[in-house]
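What follows is a set of notes on a single structure, which appears directly below.
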Amino acid sequence: MKKNGILNSEISKLLSDLGHTDQITIGDAGLPVPDGVMKIDLALKLGTPSFIEVLEEVLKDMVVEKVILAEEIKVDNESQLDAIHQLVDANEVAFVSHEAFKKQSGQSKAIIRTGEATPFSNIILQSNVIF
């Protein structure tokens, strides 16, 4: 048994398989998962696990060159945006409309569904290389 880091075998494999510019999405409980995209469902109940809790753990294991957020988070969930900015460099952040975000999530290798129940708590992470 693995003794630290991400214990979820699907997420662990997903991160190990990523190449440069591959994308994954971490979403709230309501984010739709497009047909053909793998869903890793972590939601236990509303709020558990939280979006930030999952994002923090994924960022410990993933080299990220860019993140994409819905523009609407700036107005409708400022506290979540502040928490995201504590974890990622603001220069790496691109904002798109929520509709464009949902379309872009269809390019993700997987969408990790959390129990988060606050608006626009979704992020697309684009992988970088470790060298």
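Please treat every number below as a calculation from the coordinates, not as lab data. Small disclaimer: the values here were computed from a predicted structure and weren't measured. Positions of Cβ are backbone-derived with ideal geometry, glycine not excepted, and every protein chain shown enters the neighbour counts.
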>> Given the criterion part of a helix (DSSP H, G or I), among the aromatic types (Phe, Trp, Tyr) and either touching a strand residue (DSSP E or B) at 6+ places or on another chain (Cβ under 7 Å) or closer than 22 Å to Ile40 by Cβ (or both), identify the matching residue among Phe95, Phe101.
In response: Phe101
> How about the range 74-86: which of its residues are surrounded by 15 or more Cβ atoms within 10 Å (Cβ to Cβ) and closer than 26 Å to His20 by Cβ?
Replying inline: Ile84
>> For Ala29, only one of the following conditions fails: (1) surrounded by 17 or more Cβ atoms within 10 Å (Cβ to Cβ); (2) out of contact with any helix residue (DSSP H, G or I) (no Cβ under 7 Å at 6 or more places or on another chain); (3) farther than 16 Å from Glu116 by Cβ; (4) among the hydrophobic types (A, V, I, L, M, F, W, C). What is its number?
In response: (3)
>> Filter the range 77-91 down to the residues that are in a helix (DSSP H, G or I) and under 14 Å from the mean Cα position of the chain (by Cα) and list them by number.
In response: Gln80, Leu81, Ala83, Ile84, His85, Leu87
> Is there a residue being in contact (Cβ under 8 Å) with a residue 12 or more places away in the chain, surrounded by 13 or more Cβ atoms within 10 Å (Cβ to Cβ) and touching a helix residue (DSSP H, G or I) at 6+ places or on another chain (Cβ under 6 Å) anywhere in the range 32-42?
Replying inline: yes
